[in-house]
Amino acid sequence: MTCPCGLGAELETCCLPLIKRESRATTCESLMRSRYTAFVVASSDYLASTWHPTTRPKTITLHPDIKWLGLKIIETRQGLAQHHAGTVEFVARSKLNGKGHRLHELSRFVREDGLWYYLDGALKTGSAGQPKGFHQHPLSNSKAF
Ligand SMILES: [Zn+2]
């Protein structure tokens with residue numbers, strides 16, 4: 001199976017080792033991609049463990065009927081192995097009950113003790129819009145979830 005994250009590699013060698021915790025994401029972009037894949041393969045444990053404790057929701061509910069169609073990384077800032085923070089702007093497309101959904105988000109990540117965590121994200125509306133402010137729980141607080 002090709003990894004859903006969009007890199008084109010096999011799932012077994014791409015995001016799955018991260019989700020199984022056999023290896024660690026060295027950049028915030030690879031964490032972002034593996035978290036998207038975790039949504040696809042419904043690994044809420046991985047989503048919880050890579051969510052920063054200060055912003056992590058008590059429970060992560062994955063909608064069983066949602067179909068993830070693809071992830072596109074638009075821009076990554078900082079977030080490399082030598083950084084302590086970074087942002088990833090992405091578009092994730094999904095479908096629920098025949099209705100398409102497009103999530104355009106700017107996510108913030110922090111690195112603590114060598115591990116990257118998802119902190120929070122701002123939904124983007126319109127291609128030229130600036131984020132209005134960061135809020136918690138971006139991939140699962142929209143109505144589609
Ligand atoms: Zn992948």
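Values as computed for the structure displayed
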{"quantity": "Dipole of the stretch 16-140, positive direction: furthest Cα of TYR118, HIS83, SER23, with charges on the beta-carbon", "calculated": "TYR118"}
{"quantity": "Cα-only Debye scattering, the stretch 4-58: base-10 log of I(q)/I(0) at q = 0.15, 0.24 Å⁻¹", "calculated": "-0.37, -0.92"}
{"quantity": "Stretchable slack from GLN78 to ALA9, in nm (0.36 nm times residue separation minus alpha-carbon distance)", "calculated": "22.5 nm"}
{"quantity": "Gaussian network model of the chain, Cα within-10 Å springs - most flexible of THR55, THR87, THR76", "calculated": "THR55"}
{"quantity": "Gyration tensor (Cα) of the chain, equivalent ellipsoid semi-axes in angstrom", "calculated": "20, 19, 15"}
{"quantity": "Computed lengthening from THR59 to ARG21, 0.36 nm per intervening residue step minus Cα-Cα distance", "calculated": "11.7 nm"}
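Values in this text are rule-based calculations from the coordinates and carry no lab data. Here the structure is a predicted model, which means the values were calculated and not measured. A quick note on method: Cβ atoms are made from the backbone with ideal geometry, for glycine too, and the neighbour counts reach across all protein chains shown.
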